[in-house]
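Below is one structure, written out as structure tokens; the observations come after it.
Only the coordinates and a few stated rules stand behind these numbers; no lab work does. These numbers come from a predicted model, not from an experiment. Here Cβ is always computed from backbone atoms with ideal geometry, including for glycine, and neighbour counts include all displayed protein chains.
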Amino acid sequence: AYSPLGSPGSTWLKDNNVLKHPILNMVSEKLGKTPGQVALRWGLQNGQSVLPKSTNAARIVENSDILDWSIPNDLFSKFSQIEQ
């Protein structure tokens, strides 16, 4: 997925901050994960390749911690409420 975490700071998108969406934040709080981790995991569970870009070492480690857990079906279904 291109820009799997949205494009924070980009001016060419109207609503570009995926990481602040209330549903994403609710799911991340319930799972004890960051919104970025949940967004990336959602992409993987949808069968997408996700390639986040970061130059921040801590964020790179955080982004890689998405393989040993999954979003339960009851929470995963909440994402269908997000307008695409």
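Values for this structure:
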{"item": "Packing-based ranking, highest mean first, of 39-49, 59-69 given that Cβ atoms within 10 Å are counted", "result": "39-49, 59-69"}
{"item": "Stretch gain in nm, segment N25-D74, where the contour uses 0.36 nm per residue and the Cα spacing is subtracted", "result": "16.1 nm"}
{"item": "3J(HN,Hα) from dihedral phi, the range 54-65, Karplus parametrisation 6.51/-1.76/1.60, rounded to Hz, x for glycine, proline", "result": "7, 10, 8, 4, 5, 5, 4, 5, 4, 5, 7, 8"}
{"item": "Potential lengthening between L51 and N17 on full extension [0.36 nm per residue; Cα-Cα distance subtracted]", "result": "10.5 nm"}
{"item": "Summed residue charge, Cβ within 13 Å of E62's Cβ, Lys/Arg positive, Asp/Glu negative", "result": "+2"}
